[in-house]
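**Q** First the structure, which I've put down as structure tokens, then a few questions once you've had a look.
Read-outs throughout are calculated quantities, based only on the coordinates presented, and are distinct from any laboratory measurement. Nothing here was measured: the structure is a model prediction, and the numbers come from that model. A quick note on method: Cβ atoms are made from the backbone with ideal geometry, for glycine too, and the neighbour counts reach across all protein chains shown.
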Amino acid sequence: MAQRDGPGPVGIVGAGQLARMLCEAASPLDVPTVVLAEAMTDAAVATATEVVPGVPGSFEDLVSLASGAAVVTFDHEQVDLALLRRLEADGKAVRPSAEALTLAVNKATMRERLDRAGVAVPAYEVLGHKGASWQDGVRPALEAFGEAHRWPLVLKAARGGYDGRGVWVVSDVGAAEGVWRRAEETSTVLLVEEHVAIEEELAVQVAVGPSGELKAWPAVETVQRDGVCREVLCGSLPEPVARAAVEVALSVARMSGVVGTLAVELFSSAGRLLVNELAMRPHNSGHWSIEGAVTSQFENHLRAVLGLPLGSTEALGPAVASVNVFGNQAADNPAHHLGDALSVSGAHVHLYGKAPRPGRKLGHVTVVGDDLAEVRRRAWRAAELLGTPVTEELGRR
Ligand SMILES: Nc1ncnc2c1ncn2[C@@H]1O[C@H](COP(=O)(O)OP(=O)(O)O)[C@@H](O)[C@H]1O
Ligand SMILES: [Mg+2]
């Protein structure tokens, strides 16, 4: 890349839709982007300034990415922290740092560190240490945990899961054994957790600058089905819950050492707020901020990793709805229905350019306005016109 005067380039490990939208946010700032893409069909290939073909598990590929970048950041957490530490030792700026990422890439470490820091998390136990035997180790541990927290329980892969892949609700020891045996084959470490009676799922994004500057977006409600986020609502949560969630997220941000955007996912249950998951990158629960807030999670992530001042995270209206677009059984391409969706007033359509497959997340639609029911209705309508399967229960809650 030619020598330039301005900030950047920003190197991004991964080239999925999050990288795609990071690159989109970089364009008006004239910040060049380089993505590490496994395939030329990856979503961010179309929007990045430059593409380095390669995989996150190869140090050589990471070096190629970093050599053209002022700072390296991420689109996912399927990364090898030892390789990132080597990059850092070579003098490359990695943001968030490998040290901060230890908190986000492994759900067992995440639970342990948050718990130790006094952040409320669901009751959990780490099950799958190497060599643990089902009969003598895991089964009795599960039975005792089930005794204490009542079945069903939740089993989770410590690493590698997303969109509910890697999360299993098990109603008894027999079902748990099936999950354990499959995990054993792939040497996957498992956690067991209490099955939380969730009243609401929430998320808070926090942007953190290198000097510790913090900006939190308003807390949003995230609606999931089968472990997958279907819609995100800003303006629906009771004010005290929203305020408390922001406080929890800020305390997590302070202890995390993160630089960039941090996503904190929480459960609200019986008057408690429990932290479920962290992501140290832009996150699906923050897409609403592209049109719904003064500064989007993507722009503030760039600003943070580049050491630029953070922008205001205030919402631009009392109600914002962001509905995910999914592939249907016919693997219909949503792009074919763009005209229909754009006829919905105020619908901001984002298509990620991914090949349509049933159940695959292909885009999202955001509507901003004064009335929550109205913005939801329009966002769902547009998502449905783009081919998203919509159930009565979901779209018209
Ligand atoms: N302990 C739990 N109790 C009840 N539901 C849970 C629990 N853990 C996860 N879930 C449900 O599964 C979804 C996905 O789990 P999560 O841990 O966030 O994994 P992922 O990495 O797939 O997002 C959550 O959003 C929630 O709906
Ligand atoms: Mg999650």
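**Q** Which value, in debye to the nearest 20, gives the size of the charge dipole of the range 213-360 about its Cα centre, when Lys and Arg are +1 and Asp and Glu are -1 at the Cβ?
**A** 320 debye
**Q** Would you mind calculating the relative contact order of the range 39-174 from Cα pairs under 8 angstrom and at least 6 residues apart, reporting the percent as a whole number? Present the calculation step by step, with values, prior to reporting the outcome.
**A** Values: 106 pairs, mean separation 18.6, N = 136.
For the range 39-174, the relative contact order is 14 percent.
**Q** To the nearest 20 Debye, how big is the dipole of the chain about its Cα centre, given +1 on the beta carbon of each Lys and Arg and -1 on that of each Asp and Glu?
**A** Working: 36 positive and 49 negative charges, 42 e Å.
Dipole of the chain, to the nearest 20 debye: 200 debye.
**Q** State, as an integer percentage, the relative contact order of the chain based on alpha-carbon contacts under 8 Å between residues 6 or more apart.
**A** Numbers: 881 pairs, mean separation 50.7, N = 397.
This gives 13 percent for the chain.
**Q** Let me ask something else. Build a GNM of the chain with springs between Cα atoms under 10 Å: which of Ala321, Ala373, Ala263 gets the top mean-square fluctuation?
**A** Of Ala321, Ala373, Ala263, the Gaussian network model singles out Ala373 as fluctuating most.
**Q** Where in the range 76-101 is the amide nitrogen less than 11 Å from a point lying 7 Å along the Cα-to-Cβ axis of Glu38?
**A** Only 78-79 pass the distance filter.
**Q** Once you list every other residue whose beta carbon is under 10 Å from the beta carbon of Gly260, what net charge do they have if Lys and Arg are +1 and Asp and Glu are -1?
**A** Values: positive: Arg95, Arg281, Arg303; negative: none.
So the environment of Gly260 carries a net charge of +3.
**Q** The range 190-211 to the range 329-345: how many Å between their Cα centroids?
**A** 32 Å
**Q** Right, here's the next one. Rg/Rh for the range 35-105: what does it come to with C-alpha atoms and Rh from Kirkwood? It would help to have the intermediate numbers written out before the result.
**A** Values: Rg = 11.7 Å, Rh = 12.4 Å.
Value, to two decimals: 0.94.
**Q** Let me make sure I get this right: for the range 1-150, a, b and c are the square roots of the gyration tensor eigenvalues over alpha carbons, sorted descending. Under 1.5 in a/c it's rounded, otherwise prolate if a/b > b/c, else oblate. Which is it?
**A** Working: a/c = 2.55, a/b = 2.45, b/c = 1.04.
Prolate shape, in that a/c is at least 1.5 and a/b is the bigger ratio.
**Q** Which of Ser251, Ser322, Ser133 moves the most in a Gaussian network model of the chain with Cα springs under 10 Å?
**A** Fluctuation is largest for Ser133.
**Q** Let me ask you something else. Mind running the shape call on the range 182-319? Use the C-alpha gyration tensor, a ≥ b ≥ c as the square roots of the eigenvalues: rounded below 1.5 for a/c, prolate if a/b tops b/c, oblate otherwise.
**A** On the way: a/c = 1.79, a/b = 1.29, b/c = 1.39.
Verdict is oblate for the range 182-319.
**Q** If you don't mind, there's one more thing I want to ask. Could you give the DSSP H helices of the chain that reach 24 angstrom or more along their long axis (alpha carbon positions) and whose average Kyte-Doolittle hydropathy is no lower than 0.0? Present the calculation step by step, with values, prior to reporting the outcome.
**A** On the way: long enough: 239-256 (25 Å, 0.68).
Passing helices, by number: 239-256.
**Q** Thr33: net charge of surrounding residues, Cβ under 12 Å, Lys/Arg +1, Asp/Glu -1, itself excluded? If you can, show how the numbers build up before the last one.
**A** On the way: positive: Arg20; negative: Glu24, Asp30, Glu50, Asp75.
Charge balance in the 12 Å sphere: -3.
**Q** Follow-up. Cross-link candidates for Lys107: which lysines have Cα within less than 16 Å, leaving aside residues fewer than 8 places away along the same chain?
**A** Cα-Cα hits under 16 Å: Lys156.
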